[in-house]
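Worksheet for the structure shown next.
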Amino acid sequence: MSTKYDVVALGELLIDFTESGESEQKNPLFEANPGGAPCNVLAMLKKLGKECAFIGKVGNDMFGKQLTDTIEAAGIHTEGLVVDPYYNTTLAFVKTFANGDRDFSFYRHPGADMMLGEEEVDYDMIENAKLFHFGTLSMTDEKVRKATLAAIACAQKNNLIISFDPNYREPLWNSVEEAKEQIAYGLSVCHVLKIADNEIELMTGETDFDKGAAILHEKYPNIKILNVTAGGDGSFSYYNGRKVFQPACSNGGVIETTGAGDTFCASVLNFVLEHGMDNLSDEDLAQMLKFANTAAYIVTTKKGAIRSMPEKSMVEELLNK
């Protein structure tokens, strides 16, 4: 069977309302930025020349239309995007702090993305792909969780590379214990893992990344490439008992960090698609992290994610400097 897509991702597609100053009346202004981690990943992969498709659900409202138009304009295939006639598109309001970090308030009780049913998943898309990517926002509620598990089972049956990013958002979970249980499932099925510093501590109790990565590799031997992102400190790749570190790209002008982790993740997946996961050298891993760190940095200099993904030439230009 010949593949049609390089990457298929399933999950949330939403509007990030990002702070954008004040009105004349001193009321806060917000910019409606299209977002959602899985589609952020696909948008960057598309910039890198990969064929991408999305599976998810939006509402039959102005925001759902905006999101559909946005990902179509980005070149992402939308045959797997379902429009819900009743539930509204999920919204997230993002408060940005001086250092670029964020705090999220979600309007999602429920949102359309939570209402994706397993019978609505486009399994043909998955069967015709090389790599399947998911996170845990599609595992916070039973209905969409069943859809996610069914999609993963299809990916496994068809021998796809499976990529996972926990993307832990505490307000969306009924409890920390439930979140950890679902993250653990994701860890048990993936081959490529992108995990943030706070998430590796959540799952292992370790602030030492080396110890945390060793725990995860021992418990989940299915993980071939384990990457830890540590924000402005840089990133680590753990592979075949080895560790490679690359400092973050720091060139000033950071506005907010929305989409940075997704850009990093997409850059790694692009590397995996082009180089595979076997017999990678330390230099291979270093080049992978350098590109991913630099691409992630560029996104932090703009607001939003999907429409802020850099061209490959922009990343290479900054790398060459």
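Bear in mind these aren't lab numbers, they're just calculated from the coordinates by the rules spelled out. Just so you know, these numbers come straight off a predicted model, no measurement behind them. Note: ideal-geometry Cβ built from the backbone for every residue, glycine included; neighbour counts use all protein chains shown.
Can you list the HN-Hα couplings for region 271-277, worked out from phi with the Karplus curve (6.51, -1.76, 1.60; θ = phi - 60°), rounded to whole Hz and with x for Gly and Pro?
Values per residue, Gly and Pro as x: 4, 5, 5, 8, 10, x, 10 Hz.
Using amide H atoms built in the peptide plane, which far-off residues or other-chain residues are under 5 Å from Phe30 H to H?
Ser20
Between Lys26 and Leu319, how many nm apart are label points set 7 Å from Cα along the C-beta direction?
Rounded to a tenth, the inter-label distance reads 4.9 nm.
Check the straight Cα-Cα distances from Lys243 and name the aspartates and glutamates below 19 Å, setting aside those fewer than 8 residues away within the same chain.
Excluding near neighbours in sequence, the set is Asp197, Glu199, Glu201, Glu206, Asp208, Asp210, Glu218, Asp233, Asp278, Asp282, Glu283, Asp284.
Only loop residues by DSSP count here, and only those with at most 15 other Cβ atoms within 10 Å; note down the trypsin sites (Lys or Arg not before Pro) in region 201-298 that meet that.
none
Calculate one ³J(HN,Hα) per residue across region 286-293 by plugging θ = phi - 60° into the Karplus curve 6.51 cos²θ - 1.76 cosθ + 1.60, and present them in order as whole Hz with x for glycine and proline.
Those phi angles translate into 5, 5, 4, 5, 4, 5, 5, 4 Hz.
Could you pull out the pairs from Lys47/Lys290; Lys4/Lys312; Lys219/Lys302; Lys146/Lys180; Lys157/Lys219 whose alpha carbons sit more than 29 Å apart here?
Lys219/Lys302
Amide H of His77 versus every other amide H placed in the peptide plane: which residues, excluding those fewer than 5 positions away on the same chain, fall under 5 Å?
Amide H to amide H, under 5 Å and 5 or more residues apart or across chains, His77 pairs with Cys52, Ala53, Phe54.
Need one number: nm distance between label points at Glu274 and Tyr86, each 7 Å from Cα along Cα→Cβ, rounded to one decimal.
4.6
Against the empirical 2.2 N^0.38 Å scaling, what ratio does the C-alpha Rg of region 1-120 come to?
1.15
For the chain, give me the percentage of DSSP beta bridges that are antiparallel, rounded to the nearest 5 percent.
40
As a test of the formula, what do you get for the chain when each DSSP H run with n ≥ 4 contributes -39,500 (n - 2.57) and the sum is divided by the residue count, at 222 nm and rounded to the nearest 500 deg cm²/dmol?
-11500 deg cm²/dmol
Highest first, please rank the peptides 130-140, 43-53 by the mean number of other Cβ atoms sitting within 10 Å of their residues.
Sorting 130-140, 43-53 by mean packing, highest first, produces 130-140, 43-53.
How large is ³J(HN,Hα), in whole Hz, for each residue of region 208-221 in order, when computed from phi with the Karplus curve 6.51 cos²θ - 1.76 cosθ + 1.60 and θ = phi - 60°, using x for Gly and Pro?
3J(HN,Hα) across region 208-221, in whole Hz: 7, 4, 4, 5, x, 5, 4, 5, 5, 5, 5, 7, 10, x.
Collect residues whose amide H, placed 1.01 Å from N in the peptide plane, falls under 5 Å from the amide H of Ile162; neighbours closer than 5 in sequence don't count.
The answer is Phe132, His191, Val192.
Using the crude model of +1 on Lys and Arg Cβ and -1 on Asp and Glu Cβ, and no other charge, please compute the dipole size for region 105-240 relative to its Cα centre, in debye to 20.
280
Among Met62, Met125, Tyr107, whose Cα sits farthest toward the positive end of the charge dipole of region 5-308 (+1 at Cβ of Lys/Arg, -1 at Cβ of Asp/Glu, about the Cα centre)?
Met125
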